[in-house]
Amino acid sequence: MDHITLWWIAIGAALTVTIVVAILLALVVGTARDIRDGAALVWTRGQQVANNTIHIALLYRTLEAVQAIRGRAEGILQEAEALRDHAETCPGCPQCILAGDRGAT
């Protein structure tokens, strides 16, 4: 073999290796993009879960407030029912209530 033939073989081998490396690099870059996109999706979903977790805590506080309001409303209802029952049986109402004499019946 002469030097020119060896030179062309070396150039062909270098070109083949370069093409194979370029293909493998393109595959690595594609896989890296897929990983980046997946990580971005996981990050977004994680932020949404964290945001929902904050709202759950607020819902518990709202539930406590509603239960307190309900307790007070039940007390008001009991007082209103007691007034109604008294008014239905007391011949002197509403004067006796205004005078502070609710228990006189």
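Rule-based calculations on the coordinates, nothing more; no lab input. Note that the structure is a prediction, hence the values are computed from the model and not measured. A quick note on method: Cβ atoms are made from the backbone with ideal geometry, for glycine too, and the neighbour counts reach across all protein chains shown.
Of the listed values [x] 105; [y] 133; [z] 86, identify the label whose number matches volume of the Cα convex hull per residue in Å³ calculated from this model. Answer label, from the structure shown: [x]. Determine, from the Cβ-Cβ distance of ASP85 and ARG61 and an R0 of 25 Å, the FRET efficiency 1/(1 + (r/R0)^6), rounded to the nearest 0.05. Efficiency, rounded to the nearest 0.05: 0.10. Remark on the chain: CYS96 stand apart, with no other cysteine beta carbon under 4.7 Å. The residue list VAL49, CYS93, THR18 was ranked by how far each Cα lies along the charge dipole of region 3-104 toward its positive end, using unit charges on Cβ atoms, and THR18 comes out on top. Evaluated with a Cβ-only charge set (Lys, Arg +1; Asp, Glu -1), the chain carries a dipole of roughly 320 debye about its Cα centre, given to the nearest 20.
Counting only alpha carbon atoms, the long axis of helix 3-89 and the longest principal axis of the chain meet at about 0°. Taking 7 Å steps out from each Cα toward its Cβ at ALA73 and ALA39 produces label points 5.1 nm apart. Extension gain, ILE4 to THR18: 0.36 nm times the residue separation minus the Cα-Cα distance gives 3.0 nm.
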